[in-house]
1. Among 199-210, 249-260, how do they line up by average Cβ neighbours within 10 Å per residue, starting with the highest?
2. Between Arg97 and Ser271, what length comes free when the chain is fully extended (0.36 nm per residue of separation minus the Cα-Cα distance, one decimal in nm)?
3. Dipole of the chain (Lys/Arg Cβ +1, Asp/Glu Cβ -1, origin at the Cα centre): which of Val131, Val35, Gly153 lies farthest to the positive side?
4. Counting only helical runs of four or more DSSP H residues, what would the 222 nm mean residue ellipticity of the chain come to if each run contributes -39,500 (n - 2.57) and the total is spread over all its residues?
5. Relative contact order for the chain: what is it in percent, counting Cα pairs under 8 Å that are at least 6 residues apart?
6. Show me the GluC sites (Glu not before Pro) within the range 1-52 that DSSP assigns to loop and that have at most 15 other Cβ atoms within 10 Å of their Cβ.
7. Rg and Dmax of the range 164-229 over Cα atoms: what are they, in angstrom?
8. Under a point spin-label approximation (7 Å from Cα along Cα-to-Cβ), what is the Ile297-Ser220 distance to one decimal in nm?
Amino acid sequence: MEVCNAYVSHLKSLKKISAGEVENTFSRYIRPSSVASVEACEATADQFSEILREIIKAGHGVTAAKLRAELHAAYAQAIKAKLNPSVVAFPVDPRIRTNPIKEIASLSAYNAPGERFLDKAELAEFWRLLVDKQQEHLRSAKRFVRLTLLLGGQRAQQLLRVQIKDVDLAQGLIRLLDPKGARVRPREHLLPAGPTAMTELASLVSHARDIGSPMLFPGSQGGEHLSDGTISNEVRTLSAELMRAGRIHRPFKYADLRRTIETTLASLGVSKDVRAQIQSHGLSGIQTRHYDRYDYINEKRNALLLWEHFLESLLN
């Protein structure tokens, strides 16, 4: 369907990290369906609802909720493009006047926030597994998980896209780019790495240079980085290993690590504002976008040093 293809092209023109995932979702669920051959202006809520219903029947409610949101955004952008001359990557179709996805229930039951986080004992077991001295030949994905913990739990896609030029070993800084939300330009997200994280970063930079890759976490093909799917699978593998050994209560996934770190930082007395700066979330308000230009480097450095000391204490 042309509106889906146009939306993906629009995301790519904005260099949105989600573009590939959205494209894959449309290819898997919309392209093989009967609605794919229908003009976007003639497609009905009933047709889309039936696609979503089948996905839910297959036990993939979260996927259905994401697809609904992506379709809603695609139609909304198609309507908006008619009156927004700055949107040049989206072909204008004056026949699209309404958004059929609005009529479909939001499927909010499948978007409920997660609640799983590792308690102190579980986090200690996980950290021991990541720093096991008998496993110095760590898989790249496992080293990634170790680094993201040291850096306060960064979004996988953003950390994966870091290039070695974004790492300042002299200043002890790593630069991420956060394109989340409706930003036209990604937000620069600077993190002051603690001593343990710096040792890890220096090793990763050295390895990338040795194999001639610009990426901090090189993929199997030159110039590419590891995929976020690889990281998700790695966390599931580590979780399963701990479960088999009876060292954790329940399985966990990558998103649970971010929640674990924020929860633990809060318990250590790190303020909500500094936690938000470390994990780069909740920073899209008018005050932050237009007026607050303070970089919070000192506050982030102090919090991440405290966090490194806490992780070290788990080994004792």
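Just so you know, all these numbers are worked out from the coordinates, no wet-lab data involved. Keep in mind that what you see is a predicted model, and the values were worked out from it rather than measured. Because the Cβ atoms are built from the backbone with ideal geometry, glycine has one as well, and the counts that use them run over all protein chains shown.
1. Those peptides, ordered most packed to least, come out 249-260, 199-210.
2. 58.0 nm
3. My answer, from the dipole projection, is Val35.
4. My calculation for the chain gives -15500 deg cm²/dmol from helical runs alone.
5. 17 percent
6. Sites meeting the loop and neighbour criteria: Glu39, Glu42.
7. So, for the range 164-229, Rg and Dmax equal 13.1, 38 Å respectively.
8. Inter-label distance under the simple model: 4.0 nm.
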